[in-house]
Each structure stands twice: as C-alpha cells, then as structure tokens.
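Reading through the structure tokens given below for one structure.
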Amino acid sequence: MHEPPAHLRRELALTAADREGAGALLDIGSGRTVLYFQVAEVQYVDGGADPDDVAAVVTVDRAEYAAAVPDPLAEVEASLLRHLALDHPGELDRLAGLLPPAVWSATDRVTPVRLDRHGLLLRAAGQDVRLAFAEPLTCPRQLPARMRELLARARAAAGTPAHRTG
C-alpha cells in the first residue's frame, strides 16, 4: 500500500467523496490519506469452515475479483439482520426449524449473522448454517419474496416428524 501516483490522486479523491461524501475531501492531507494498492491475491474461507483448514481456503481469480460487483444487500445487511433479530423473533424461531436437528436441538438461541444475495446465515450452538435462497437476489427489492419462501419452507418442515415441537 502506498500513496497513489500524482496523476491518480484527483480521481481517487473524487471516488472517496462519492463513497463518503464531499466532506471527506476536506480531510485529505490533514487526517485522511488516500492510499493506493494493487490486489495480488484474494482468498476467503469457504462457508463456516475453520480458517486453519487449508482445504477450506478458496483463491479467487484476480480478473474475476476486479469484475465483481458488490452484493446487492451489502449496504443494508447490518440493519436487516438487526431488524430480523429484534422485530421478528417469531419468524427467526420458525427459520431455526430449517437447521439440522443436531444443531437446533442443542441450543435455545439462534442468531442471524449474515445476509447476502445467496441466503441467510444463522448461528446456533456455535455452528453457522446457511439457509440458501432458491435463486440469488439481484436487488434488495427481491428480499421480502425470498424471505417468504424460506418461511414457507420452515412451515413445511415444521409439519414433518423430525421437526415437530411440543
């Protein structure tokens, strides 16, 4: 990471202003510095796997990384997870019925930890389990329909002997 070449500083400063507001420009040089870096390699740990498990580490092609677009829920994920946890505990309990029996029976607490175009990740009994959407979202407006689909699956699963409660 280093300061950008002189010919890129203006363009990068304007990009920073687009993301954080024009006020961000006022702090460049006194409190903020625009840094430039080139991506050499991108890796991520697949799913909820142990980060020390070498088999779980996936390397992303640099060209694919450069062409990738942000997840459509990236900017609203935190508020949506908070909303689900605080305002819809009944729905969260129903969604817990989609977890493998060994996971949901080992805990009374289920926490939503991630929400992206592919689905909802719930944490229960120290394990992360993804509840995948039938198809990936392309925009946030599709989320209510996908959540209704997950809840319908949860209602259907609640009727099976393995998931009946009470």
What shape does segment 73-127 have by the C-alpha gyration tensor, where a ≥ b ≥ c are the square roots of the eigenvalues, rounded means a/c under 1.5, and otherwise prolate means a/b greater than b/c and oblate the rest? prolate
How much length, in nm to one decimal, is gained on full extension between Q127 and L86, taken as 0.36 nm per residue of separation minus their Cα-Cα distance? 12.7 nm
Show me 112-121, 127-136, 5-14 ranked by packing, highest mean number of other Cβ atoms within 10 Å first. 112-121, 127-136, 5-14
Suppose each label sits 7 Å from its Cα in the direction of the beta carbon; what would the D116-R155 distance come out to in nanometres? 3.0
Over segment 65-165, what is the mean sequence separation of C-alpha contacts under 8 Å (at least six apart), divided by residue count, expressed as relative contact order in percent? 26
At 1.4 Å probe size, with no ligands or nucleic acids counted, give the accessible surface of D18 in Å², nearest ten. 140
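The values are calculated or read from the model by the stated rules, or taken from the named source; none is laboratory data. Note that the structure is predicted; figures quoted are calculated from it, not measured. Glycine gets a Cβ as well: all are built from the backbone with ideal geometry, and neighbour counts include every protein chain shown. Keep in mind that these areas ignore ligands, DNA and RNA; they rest on the heavy atoms of the full protein, side chains included. Shrake-Rupley method; radii C 1.70, N 1.55, O 1.52, S 1.80 Å.
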